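Engineer: Let me begin by handing over the structure; questions about it come next.
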Amino acid sequence: MSKLGNLGARLHRGEVGYDFVKNRKIWYGVSILITILAVAGLAVRGLNMGIEFQGGAVFTTPKNTSASVSQAETYAEEASGHDAIVQKLGDGTLRIQVAGIDTDAANKIKNTLADDFKIDTEQINAELVGPSWGEQIANKAWQGLGIFLVLVVIYLAIAFEWRMAIAAFVALIHDITITVGIYALVGFEVTPGTVIGLLTILGYSLYDTVVVFDSLKEQTRDITKQTRWTYSDVANRSINSTLVRSINTTVVALLPVAGLLFIGGGVLGAGMLNDISLSLFVGLAAGAYSSIFIATPLVADLKEREPQMKALKKRVLAKRAKGETPDAETGDEAYTDEPEDVAPAVVGPRNQPASRTRGRGRPSGKRR
């Protein structure tokens, strides 16, 4: 078995682990800081909305145009009086976007560009884009996002409980805010591809969160019938038992997206790939972070406000205060006062033998 596989097995059995829930205030602080930066970038710089949302014209030059991207950008800005975005496509053509112009201005710019490139006017293809189309896409995206969030909250409240639904909702808003804020700070153009990528990452984020919640639900069944672990202890075990799986799925998803973003968009200059790849890359990373560091610790916080969980925590801490120490191998506490004819609650790792703590501390031989 590989080292990573062995680590995953040990995490699943509870033999090793990191206390994510105990250090939740650190993760909350990091998330709040990142969110503040994202909101500040959004408020100060705003989003660089694409031509689909602003309206304007797109000019496409013939193949193998002699002018470079920087030259074409200068020509377009001088001809239009507006900022221009120029992209060199794979077949050698130049795609020039100029926002905020009408039909008459587009015709004049087309003629001027033809003179600058020293080509015939008919060789330049001009396409007008109205802002209403982009506005319709944005409205549909917001409607889809709203419906998605409502359905997610309802589903999680039914399949799990309302506290998990709230935690998942907070994690999704966290991921969306960070992704949109990164777009504002980086200055990448927001296009319909960006909207598609933003909606796509919600499914990945929710998947990682539900995997942890499912493990947490299973391990906290009848948790109040034992006095070994608090709800936070079990929540932390759930994170650790699914940690390697979450990391593996996130890395596998990030690798092709990173290829699109850094190689396709950066090295090869296919700028249109940035529209969707940046939102996917940031969103996938934020989704993995929120499922581990935000959603589950938040559930533990909400759950331990219940009277039953408060009482359980009080009993557990009281027993620990008596000097009962955790087992060195598994971290489980040794108790000798629980009856043997009662099956242990399923709050620890599922594969852990139940006999590890049975009869511990008693002399061998006859039962008392």
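Engineer: Residues that are surrounded by fewer than 19 Cβ atoms within 10 Å (Cβ to Cβ), more than 31 Å from the chain's Cα centre (by Cα) and without any contact (Cβ under 8 Å) to a residue 60 or more places away in the chain: does the stretch 44-63 have at least one?
Structural biologist: There is at least one residue in the stretch 44-63 that is surrounded by fewer than 19 Cβ atoms within 10 Å (Cβ to Cβ), more than 31 Å from the chain's Cα centre (by Cα) and without any contact (Cβ under 8 Å) to a residue 60 or more places away in the chain.
Engineer: Sort through V58, V86 and tell me the only one that's farther than 11 Å from A126 by Cα and out of contact with any Gly (no Cβ under 6 Å at 6 or more places or on another chain).
Structural biologist: On the way: V58 fails: farther than 11 Å from A126 by Cα.
After applying the criteria, what remains is V86.
Engineer: For the stretch 315-323, state whether one or more residues are in a loop (DSSP other than H, G, I, E, B) and at pLDDT below 85.
Structural biologist: Within the stretch 315-323, the first condition is being in a loop (DSSP other than H, G, I, E, B), and the residues that meet it are 322-323.
Now restrict to residues that are at pLDDT below 85: 322-323.
Looking through the stretch 315-323, at least one residue is in a loop (DSSP other than H, G, I, E, B) and at pLDDT below 85.
Engineer: While we're looking at this one, here's another question. Which count do you get for residues in the stretch 119-150 that are open to solvent by 100 Å² or more (accessible area, probe 1.4 Å) and either touching a His at 6+ places or on another chain (Cβ under 9 Å) or of a type outside the set (D, E, K, R) (or both)? Spell out the reasoning first.
Structural biologist: Taking the stretch 119-150 first, the residues open to solvent by 100 Å² or more (accessible area, probe 1.4 Å) are 122, 127, 133, 135-136, 140, 142-143, 147.
If we keep only those that are either touching a His at 6+ places or on another chain (Cβ under 9 Å) or of a type outside the set (D, E, K, R) (or both) too, we end up with 133, 136, 142-143, 147.
Qualifying residue count, the stretch 119-150: 5.
Engineer: How many of the residues making up the stretch 211-239 are buried (at least 20 other Cβ atoms within 10 Å of the Cβ) and more than 21 Å from A311 (Cβ to Cβ)?
Structural biologist: Count: 5.
Engineer: Where residues in the stretch 64-85 are open to solvent by less than 70 Å² (accessible area, probe 1.4 Å) and over 16 Å from F117 (Cβ atoms), which of them is modelled with the highest pLDDT?
Structural biologist: Out of the qualifying residues, it is G81.
Engineer: Can you work out which of the residues in the stretch 151-175 that are of a type in the set (V, I, T) and modelled with pLDDT under 90 is least open to solvent (accessible area, probe 1.4 Å)?
Structural biologist: Of the stretch 151-175, the ones of a type in the set (V, I, T) are 152-154, 158, 166, 170, 173.
From what is left, the residues that are modelled with pLDDT under 90 are 152-153.
Working: V152: 12, V153: 50 Å².
Only one residue tops the list, namely V152.
The values are calculated or read from the model by the stated rules, or taken from the named source; none is laboratory data. A quick note: this is a predicted structure, and the numbers were derived from the prediction, not measured. We place every Cβ from the backbone using ideal geometry, glycine too, and count neighbours over all the protein chains shown. The area values use the complete protein model at the heavy-atom level, side chains included, leaving out ligands, DNA and RNA. Shrake-Rupley method; radii C 1.70, N 1.55, O 1.52, S 1.80 Å.
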